[in-house]
1. When the residues of the stretch 124-172 are filtered to those that are surrounded by fewer than 17 Cβ atoms within 10 Å (Cβ to Cβ) and closer than 15 Å to residue 79 by Cα, which remaining residue is nearest to the chain's Cα centre (by Cα)?
2. I need the full set of residues from the stretch 155-171 which are among the aliphatic types (A, V, I, L, M) and in a strand (DSSP E or B), in order please.
3. (1) in contact with a strand residue (DSSP E or B) (Cβ under 8 Å, 6 or more places away or on another chain); (2) at pLDDT below 90; (3) aromatic (Phe, Trp, Tyr): which one isn't true of residue 127, the others all being true?
4. Quick check: anything in the stretch 88-107 in contact with a Gly (Cβ under 8 Å, 6 or more places away or on another chain) and modelled with pLDDT under 85?
Amino acid sequence: HSHLLLSPHLPFFAFAVPSAGYLLLLDPTTTSWSRLPLPLPAPGAGGAGHHQQAAALFSPAAASAGLLAFLSDASGHKTLLLANPITRLLAPLPLSPTARLSPTVGLAAGPTSFIAVVAGDDLVSPFAVKNISADTFVADAASVPPSGFWAPSSILPRLPSLDPRAGMAFASGRFYCMSSS
């Protein structure tokens, strides 16, 4: 359950600049900027050669409470890689239960738990996608024993048009998505 040990709960904003190879962090409490190298290495990877490989495999997808979520770029069952850019801790979540192409991702982290949502772009065949469902990963370090699991898939509203570039926002216990319809 290493993914539960990542959250620093710091009030910074992260700006990924993948093409430039770094991440900009703004700490609003001190109005200072930090620059961290990207890409973050894949879990267990070592050496410079693996850094370039990780960049091709994962893209920044969401952020919350100091945690960053990177989504695997390949179509199929998605991997979310959670990262604390300050401590450089990385934790992959188990593969998502539903195969997807370019889903929308949301992340909401608290002091002892987090929720990650991967929604839309369900691969219904090798050549077709539909926005049918959302998969939710729930992790709670306060439970005994600590837990982390993919909840059963939920159905999306009829004919949603999700924009993966817009991401999701979490407010009052719910995730909200931008729709281009």
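1. My answer is 138.
2. Hits for the stretch 155-171 are 155, 162, 168, 169, 171.
3. (1)
4. no
Yes/no matrix, rows are residues, columns are (1) out of contact with any helix residue (DSSP H, G or I) (no Cβ under 7 Å at 6 or more places or on another chain); (2) hydrophobic (A, V, I, L, M, F, W, C); (3) within 15 Å of residue 62 (Cα to Cα); (4) outside any strand (DSSP E or B):
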residue: 102; (1), (2), (3), (4): yes, no, yes, yes
residue: 106; (1), (2), (3), (4): yes, no, yes, no
residue: 118; (1), (2), (3), (4): yes, yes, yes, no
residue: 129; (1), (2), (3), (4): yes, yes, no, no
residue: 136; (1), (2), (3), (4): yes, no, yes, no
residue: 153; (1), (2), (3), (4): yes, no, no, no
residue: 175; (1), (2), (3), (4): yes, yes, yes, no
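The values are calculated or read from the model by the stated rules, or taken from the named source; none is laboratory data. These numbers were taken from a predicted model, which means no experiment stands behind them. Virtual Cβ from ideal backbone geometry, glycine too; neighbours counted across all protein chains shown.
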